Amino acid sequence: MGFTDLLSKYGAQYFQALLTTWRLTAISFAGAFIIGILITVARVSPIRPLRIFGDIYVQIFRNIPGAALLILLVYALPYLQIVFPYDVCVTVATILIPSAFCSEHLMSGMNTISPGQIEAARSLGLTFLQMIRRIIIPQALRSSVLPMTNLLVATMLTTSLASQVPMRPRDLTGIVSYINTHDTGGVTAFVISAVLYCLTAFAIGKAGSLVDRKVRILR
Amino acid sequence: MDNHSPVPMIELRHVEKYYGDLHVLQDISLSVRRGEVVVIIGPSGSGKSTLCRSINRLETIDSGEILLEGNPIPQEGKKLAELRAQIGMVFQSFNLFAHMSVLDNITLAPVEVLKKGRKEAREEALQLLERVGVRDQADKVPAQLSGGQQQRAAIARSLAMHPKVMLFDEPTSALDPEMIQEVLNVIAELAKEGMTMLIVTHEMNFARRVADRVIFMDGGQIVEENTPDCFFSDPASQRARDFLHSLHAE
Amino acid sequence: MKTGSIRDYLYEPPGPHTRKRIRIITGIALLGLLVLLGLIVRQFSVTGQFDAKYWSFFTKWTTWRFLGQGLLTTLEAALTGSAISFTLGFLLMRGKFQGKLIRGISTFLIEFTRGVPTLLFIYFFFLVVPKTGWKPSAFWKITLPCAISACGVVAEALRSGVNAVPGGQREAALSLGLSERRTFYRIVFPQAFRFVIPSLIAELVIVLKDTTFAYVVSCADLMQNAKVLISNYDAMLSIYLVVAVIYILINYLLNTLSERIAGSQRRSVQMIPETNKGVAAHG
């Protein structure tokens, strides 16, 4: 099947698939970011059980393969009488895994702050919350722009997990396997999805380095 | 100098501190009068930095008392923050906030802690920068400044809080030799204006010039307290004599 | 000056009041976590998932042998895939230092492989490649796409390693009369390689994770063998849990190794070649 045939027959579905991938990516990244922050707060807190919990959480979800996690959520959890719809399972998986990496990036962003700056903030009479708000958070966020950009791309790649469950509408990977099993999409069907993925990744990367250049901290 | 003030600005009573088995502060008692400049010298590892940092509780102590104007320093919370706001601290490694301009470094605490208006804080910050000679660097970030300029900006940052006392923890140890003097001049200027100061330093000429009193520490103990003239020409203790001798030998 | 992680200096030594508060919150947190654990255990027992029939076969030698066979295939695919991706990544990295055309092609391939999910490459090998007449085995149908998907990241890691080698090294070698080629292979790259060993191990983890999609192409890896066990024993939850733990442990060990090496490299100003040689063989 040629490029034009493919587009005329499946164009609308590709567009739908692109939007689905974007939507999943945005939701997952937002969720991962929020959970990543909470886990990081737990990991730096002086509360030992929370620290240990945060560490274990991060080790589990940065080391579990996406497929293994999705299969657990979709097929194994129902045996505990916990049943989620397919799209919820996919979203949970694509939030949990990036959230662990998000916490790792935030930790290394915070580690770029010298202990001396924290002592200086204290000795100026800033309270703990003032120090967190004015010294820690701005520096941690500003020095983790590039890792977060990479994480956003990685999250997009992770959302291809959606193709492993019968979820509607299909994502960019799901549509390719659909077209190729029901029709002769051939190489072209792949190239269209691949290009859409790549352009998205490229746009994210460009935006990320633009922001990074603006906010990077000279050291 | 107000020698008749009954309550010392800073007073340490029988302060003890251990790092594990290491007894870093041994029965330290010391008081600094209002307007007095006290210089602490001693070999590295003598506990002088720890002593300096313990006054605004950047280091905790195991026993004893530390008082500011007769009041014991609080252990935590808002009270501790309020106390620290009254004590200026200048560090060896400057510790300017890397993500802020020099000007914002200086206005941060007056706005956040003293609740000053932005405009007022800004004007005062510029005056302070003028005073320490880095007014033209106000809009740069710390990494664009030389070490000497950073340290002078850090002094301005402390002064913006109108501290009752200034602590200097080896303020010139991280500086290239050609920048040391510019920082020492700023500190000497403050001494002349009657600021109460506790200075940990290795600069002996400077110590002799600005100190009202010299304290020599070694092995976690105060070995000798003396006037600068007596200390540098005829120290009372053998350990101080050895220390001064080792400096000249270098 | 204090060193170590932000965890050690973000909070200052607590005063008596704070210490009491920390103790109380620690108690509450501990209680909360125990309740959570209790709920999980309760759910397992209510649904009968602790029943012996779901776990007893794990005491059998054959179960572990079968899972072990799958694990071997997984490791084989991961190591082979990594070796291929390191080779491709090396070529792409060399391409980045060539003339305009080759550099452009390399950049394009690097960005392409970094921007496309592994699953898409897997479907390509599963659905399109066989139609071309070339029929690779299931093993290659999972290994090759995983390798291709990783090679762009490897190329970038190698390139940043090369860029991290001080320029003086290259200049010194050239001034001694070494050719550009010999300078690169004898002086620059060996140093760069040591820098990037941690990222290469991290990349091995990513390839290993990607091989779990082997079930798409019916390659008998750990995941696929787990599926067979499940149909034999009708024990979905227990088997998938055990398999997930195996994956997590292997990746955890690899990541820990990578961090150890990175840490020891940061600590030693002058790198000692002997300490890294043994590890390089794994990458």
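Some values worked out for this structure:
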{"quantity": "Residue in the range B:131-146 that is among the aliphatic types (A, V, I, L, M), under 22 Å from the mean Cα position of the chain (by Cα) and over 20 Å from A:A121 (Cβ atoms) present", "calculated": "yes"}
{"quantity": "Conditions (1) in a strand (DSSP E or B); (2) modelled with pLDDT under 95; (3) of a type outside the set (V, I, T): number failed by B:L25", "calculated": "(2)"}
{"quantity": "Residue match in the range A:18-29 (condition: facing chain C (nearest Cβ under 10 Å), touching a Leu at 6+ places or on another chain (Cβ under 6 Å) and under 26 Å from C:I201 (Cβ atoms))", "calculated": "no"}
{"quantity": "Which numbered condition A:L218 misses (of (1) of a type outside the set (D, E); (2) surrounded by fewer than 22 Cβ atoms within 10 Å (Cβ to Cβ); (3) in a helix (DSSP H, G or I); (4) at the interface with another protein chain (Cβ under 9 Å from one of its Cβ atoms))", "calculated": "(3)"}
{"quantity": "Leading residue by the ranking (farthest from A:T25 (Cα to Cα)) among those in the range A:71-101 that are more than 7 Å from chain C (Cβ to nearest Cβ) and not in a helix (DSSP H, G or I)", "calculated": "A:I82"}
{"quantity": "Some residue of the range A:107-122 being under 18 Å from the mean Cα position of the chain (by Cα) and buried (at least 21 other Cβ atoms within 10 Å of the Cβ)", "calculated": "yes"}
{"quantity": "Of the criteria (1) within 13 Å of chain A (Cβ to nearest Cβ); (2) surrounded by fewer than 22 Cβ atoms within 10 Å (Cβ to Cβ), which one C:F213 fails", "calculated": "(2)"}
{"quantity": "Subset of the range A:130-153 [over 19 Å from A:I217 (Cα atoms) and over 28 Å from the mean Cα position of the chain (by Cα)]", "calculated": "A:Q130"}
{"quantity": "Of all residues in the range C:26-57 being of a type in the set (S, T, Y) and within 30 Å of C:D234 (Cβ to Cβ), the one that is surrounded by the fewest Cβ atoms within 10 Å (Cβ to Cβ)", "calculated": "C:S45"}
{"quantity": "Restricting the range C:124-143 to residues that are in a helix (DSSP H, G or I) and within 17 Å of C:Q224 (Cβ to Cβ), the residue that is nearest to the other protein chains (Cβ to nearest Cβ)", "calculated": "C:F126"}
{"quantity": "Count - residues of the range B:74-113 that are aliphatic (A, V, I, L, M) and farther than 26 Å from C:P13 by Cβ", "calculated": "5"}
{"quantity": "Where B:N71 falls short, out of the listed (1) within 10 Å of chain A (Cβ to nearest Cβ); (2) under 30 Å from B:K48 (Cβ atoms)", "calculated": "(1)"}
{"quantity": "So A:R48, is it under 13 Å from the mean Cα position of the chain (by Cα) and basic (K, R)", "calculated": "no"}
{"quantity": "Single residue of the range C:46-74 satisfying the filter (without any contact (Cβ under 8 Å) to a residue 24 or more places away in the chain and of a type in the set (A, V, I, L, M)) that is farthest from C:N232 (Cα to Cα)", "calculated": "C:V46"}
{"quantity": "Every residue from the range A:182-215 that is facing another protein chain (nearest Cβ under 7 Å) and either over 20 Å from the mean Cα position of the chain (by Cα) or of a type in the set (V, I, T) (or both)", "calculated": "A:G186, A:V187, A:F190"}
{"quantity": "Test: residue in the range B:71-84 that is within 16 Å of the chain's Cα centre (by Cα) and surrounded by fewer than 21 Cβ atoms within 10 Å (Cβ to Cβ)", "calculated": "yes"}
{"quantity": "Residue in the range A:155-165 that is of a type in the set (A, V, I, L, M), more than 30 Å from B:T107 (Cα to Cα), in contact with an Asp or Glu (Cβ under 9 Å, 6 or more places away or on another chain) and away from chain C (no Cβ under 12 Å) present", "calculated": "yes"}
{"quantity": "Test: residue in the range B:75-86 that is at pLDDT 95 or above, more than 9 Å from every other protein chain (Cβ to nearest Cβ) and under 26 Å from A:P115 (Cα atoms)", "calculated": "no"}
{"quantity": "Index of the failed condition, B:G45 passing every other in (1) touching a helix residue (DSSP H, G or I) at 6+ places or on another chain (Cβ under 8 Å); (2) assigned to a loop (DSSP other than H, G, I, E, B)", "calculated": "(1)"}
{"quantity": "Identity of the residue in the range A:42-70, of a type outside the set (K, R) and in contact (Cβ under 8 Å) with a residue 60 or more places away in the chain, that ends up farthest from the other protein chains (Cβ to nearest Cβ)", "calculated": "A:L70"}
{"quantity": "Residue in the range B:165-188 that is surrounded by the most Cβ atoms within 10 Å (Cβ to Cβ), counting only those that are under 20 Å from B:G88 (Cα atoms) and free of Cβ contacts under 8 Å to residues at least 24 places away in the same chain", "calculated": "B:L184"}
{"quantity": "Conditions (1) part of a helix (DSSP H, G or I); (2) touching a residue at least 40 places away in the same chain (Cβ under 8 Å): number failed by A:T184", "calculated": "(1)"}
{"quantity": "Residue satisfying condition, being surrounded by fewer than 23 Cβ atoms within 10 Å (Cβ to Cβ), in contact (Cβ under 8 Å) with a residue 24 or more places away in the chain and assigned to a helix (DSSP H, G or I), within set C:V243, C:V207, C:V228", "calculated": "C:V228"}
{"quantity": "Answer residue from the range C:96-128, given it is under 20 Å from C:I142 (Cβ atoms) and free of Cβ contacts under 8 Å to residues at least 12 places away in the same chain and is surrounded by the fewest Cβ atoms within 10 Å (Cβ to Cβ) among those", "calculated": "C:V128"}
{"quantity": "Answer from B:L184, B:L103, B:L126, B:L96 - the residue that is at pLDDT 95 or above and within 14 Å of chain A (Cβ to nearest Cβ)", "calculated": "B:L96"}
{"quantity": "One residue from C:A150, C:A155 being more than 14 Å from chain A (Cβ to nearest Cβ) and in a helix (DSSP H, G or I)", "calculated": "C:A155"}
{"quantity": "Failed item in (1) modelled with pLDDT under 95; (2) within 30 Å of A:Q130 (Cα to Cα); (3) among the polar types (S, T, N, Q), with B:S54 passing the rest", "calculated": "(1)"}
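Conditions tested, residue by residue: (1) in contact with a strand residue (DSSP E or B) (Cβ under 7 Å, 6 or more places away or on another chain); (2) surrounded by fewer than 22 Cβ atoms within 10 Å (Cβ to Cβ); (3) under 28 Å from C:M236 (Cβ atoms).
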| residue | (1), (2), (3) |
| --- | --- |
| A:K9 | no, yes, no |
| A:R23 | no, yes, no |
| A:T40 | no, no, no |
| A:R48 | no, yes, no |
| A:F61 | no, no, yes |
| A:A68 | no, no, yes |
| A:L77 | no, yes, yes |
| A:V88 | no, yes, yes |
| A:I97 | no, no, yes |
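The values are calculated or read from the model by the stated rules, or taken from the named source; none is laboratory data. It should be emphasised that the depicted structure is a prediction, and the values quoted were computed from it without experimental measurement. Backbone-built Cβ (ideal geometry, glycine too); neighbour counts: all protein chains shown.
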